[in-house]
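First comes the structure, then the notes that go with it.
The values are calculated or read from the model by the stated rules, or taken from the named source; none is laboratory data. From a predicted model like this one, the values you see are computed outputs, not experimental measurements. Quick reminder, even Gly has a Cβ in these numbers, built from the backbone with ideal geometry, and neighbours come from all protein chains shown.
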Amino acid sequence: MDYAKRCRRISNAFYNAGLEKAQIRDLTGAAQCLKKSLHFDKYNIDARNLLGLIYYEAGETAEALVQWVVSSNLRPQDNRALDYLEEIQGKPGQLEDESVHIRKYNQAVQYAQTDNSDLAILQLRRVVEHKPNYIKAHMLLALLYIGREEYTKAGQSLYKVLQIDKNNPRASRYMSVVKRNTRQGDVERKKLLTAFSHREMQDDDVILPPTYKETTGWLTIINIAAGLLMGAAVIFFLVMPAREQQLQAEHNQELTQVLEQVNQRNIEIDGLEADAAALQEEKEAADARLQSIIDENGGMLSQYQRLIAILQAYRADDFQTAVELYSDLDASAITDEGIQTVIADIRTDMEANGYQVLAELGNRARDAGNTDQALVYYQKSLAIHPDNVQVIYDMAMVYHARGEEDQANELFGQVIVGYPDSELAALARETRGY
């Protein structure tokens, strides 16, 4: 068996394992299996689509979009990823709402880091109210409740997380802390111990004799005195030491319990501090990602949307629309290797044919008297193919007609110096007057 077939078989095995875990709502385990599947075969479309669905189910819409865009470009036909993308685009305002929720979550993380837990909790409640499957928000909310020792509320948030992702390791660890502090099941255990225990006789218990002989006179007085003396002796020599020993044992037991609680609390504090450090790293990464995802002037999310529109224009044989959209695409905002391959193919086509379409649109706008729009199209055409002397000359003529001689002469100079033997260079010299 060759190496490629072996990789595909391993990838399919991991995909099947991920599918089984997803069916029982073990999202964390499923995501791990699917990532391994794609490691062995990045063209496994089923694994990539399922990974996107898992991200979407966990509230990570941006990550889901990345997987589906890559999938749709690896297989442009008969691909469920196209349906998923179309469904998201068909819901007006969904992407904007996702951006708002991410912004609120990061604001809550910032509040938590600055000890403003009240504001953080309020912000997170709003997030999970509108986005109940956002696992990260539920987890942070539970952690804040644990820090405030509101274990019942923390348990409610963790229960929702485990409903979505039943084997989430961090949620399970937090839930063990909640159960330990709410002491669930203590009542049942105490009842069970009581049912199988017997009361032991105490030192001060009195055992009544089977018979009692009544006496009178001095003998009675002597018996009473002897009884008092014996009782005092019993109390002094037997009851008091036993009582002191019992009190000392109770005190030692209470001290041991207190020390155990202190040690347990220290362990919990250490765990919470480690989780807080991890959340700080997540917050910093989320802030950086947020800047690239939410930015309305060319961020990752808007660039993905523009790329999807370009691909749809290609499928509709609308090359002009594809060219216009490509002229505003910032490919540097998209870092996924699979998508960069698609962008490289589009760039090759644009460098061969797209710049001419933009030049023609500039000519139409110029002929219609819209010189501002013409200059925009000319500049976009040169951004794709900067050595197009005809476009440089046409831009110079537009500036010349508008009376902007400095800009016109600079462009005429580029034509004359860069292409001295061309007809356009002669026309540029003539227009400049030398």
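For the range 18-120, which fully contained helices (runs of 4 or more DSSP H) count at least 2 residues that are surrounded by fewer than 16 Cβ atoms within 10 Å (Cβ to Cβ)? Talk me through it step by step, then tell me what you get.
Values: elements: 27-40, 45-57, 61-74, 80-89, 94-113.
The helices (runs of 4 or more DSSP H) meeting that bar are 27-40, 80-89, 94-113.
Contact list please: Cβ distance under 6 Å, first residue in the range 142-157 and in the same structural domain as Arg126 (by TED's automatic domain parsing) and in contact (Cβ under 8 Å) with a residue 24 or more places away in the chain, second residue of a type in the set (Phe, Trp, Tyr) and part of a helix (DSSP H, G or I), pairs at least six apart or on different chains.
The qualifying pairs are Ala142/Tyr174; Ala154/Tyr145.
Among the residues of the range 166-177, is any more than 20 Å from Gly271 (Cα to Cα), outside the structural domain of Tyr56 (by TED's automatic domain parsing) and of a type outside the set (Gly, Ala, Ser)? First the steps, then the outcome.
Pass one, the range 166-177, residues more than 20 Å from Gly271 (Cα to Cα): 166.
Among the residues that remain, those that are also outside the structural domain of Tyr56 (by TED's automatic domain parsing) are: 166.
Filter again for of a type outside the set (Gly, Ala, Ser), leaving 166.
The answer is yes, given that some residue of the range 166-177 is more than 20 Å from Gly271 (Cα to Cα), outside the structural domain of Tyr56 (by TED's automatic domain parsing) and of a type outside the set (Gly, Ala, Ser).
Say we look at the range 122-165 and pick out the residues that are within 17 Å of the chain's Cα centre (by Cα) and not in a helix (DSSP H, G or I); which of these is surrounded by the fewest Cβ atoms within 10 Å (Cβ to Cβ)?
Result: Pro132.
Checking the condition over 30 Å from Ala408 (Cα atoms) and at pLDDT 75 or above, which residue from Ile343, Ile293 passes? Even if it seems obvious, please write down each step before you answer.
Details: Ile293 fails: at pLDDT 75 or above.
Sole residue among the options that is over 30 Å from Ala408 (Cα atoms) and at pLDDT 75 or above: Ile343.
With the structure loaded, tell me whether Glu57 is out of contact with any strand residue (DSSP E or B) (no Cβ under 9 Å at 6 or more places or on another chain) and touching a residue at least 60 places away in the same chain (Cβ under 8 Å) or whether it fails that test. Give the steps one after another, and end with the answer.
Numbers: out of contact with any strand residue (DSSP E or B) (no Cβ under 9 Å at 6 or more places or on another chain): yes; touching a residue at least 60 places away in the same chain (Cβ under 8 Å): yes.
Judged against the criteria, Glu57 is a match.
Considering only the range 88-120, state which residues are without any contact (Cβ under 8 Å) to a residue 12 or more places away in the chain and either within 17 Å of Lys283 (Cβ to Cβ) or acidic (Asp, Glu) (or both).
The answer is Glu96, Thr114, Asp115, Asn116, Asp118, Leu119.
Looking at (1) buried (at least 19 other Cβ atoms within 10 Å of the Cβ); (2) more than 55 Å from the chain's Cα centre (by Cα), find the lone condition where Val415 falls short.
(2)
Run down Asp394, Asp372 and say which single residue is outside the structural domain of Ala62 (by TED's automatic domain parsing), among the acidic types (Asp, Glu), outside any loop (DSSP other than H, G, I, E, B) and surrounded by 15 or more Cβ atoms within 10 Å (Cβ to Cβ).
Details: Asp372 fails: surrounded by 15 or more Cβ atoms within 10 Å (Cβ to Cβ).
Sole residue among the options that is outside the structural domain of Ala62 (by TED's automatic domain parsing), among the acidic types (Asp, Glu), outside any loop (DSSP other than H, G, I, E, B) and surrounded by 15 or more Cβ atoms within 10 Å (Cβ to Cβ): Asp394.
When you check Pro420 against the structure, is it without any contact (Cβ under 8 Å) to a residue 40 or more places away in the chain and within 27 Å of Leu329 (Cβ to Cβ), yes or no? I'd like the intermediate steps shown before the answer.
Values: without any contact (Cβ under 8 Å) to a residue 40 or more places away in the chain: yes; within 27 Å of Leu329 (Cβ to Cβ): no.
Against the criterion (without any contact (Cβ under 8 Å) to a residue 40 or more places away in the chain and within 27 Å of Leu329 (Cβ to Cβ)), Pro420 does not qualify.
If I filter the range 1-17 down to residues being of a type in the set (Phe, Trp, Tyr) and out of contact with any Lys or Arg (no Cβ under 8 Å at 6 or more places or on another chain), which single residue comes out as surrounded by the fewest Cβ atoms within 10 Å (Cβ to Cβ)?
In the first step, residues of the range 1-17 are kept if they are of a type in the set (Phe, Trp, Tyr); the result is 3, 14-15.
Still in the list and also out of contact with any Lys or Arg (no Cβ under 8 Å at 6 or more places or on another chain): 3, 15.
Numbers: Tyr3: 7, Tyr15: 24.
Of everything passing the filter in the range 1-17, Tyr3 is surrounded by the fewest Cβ atoms within 10 Å (Cβ to Cβ).
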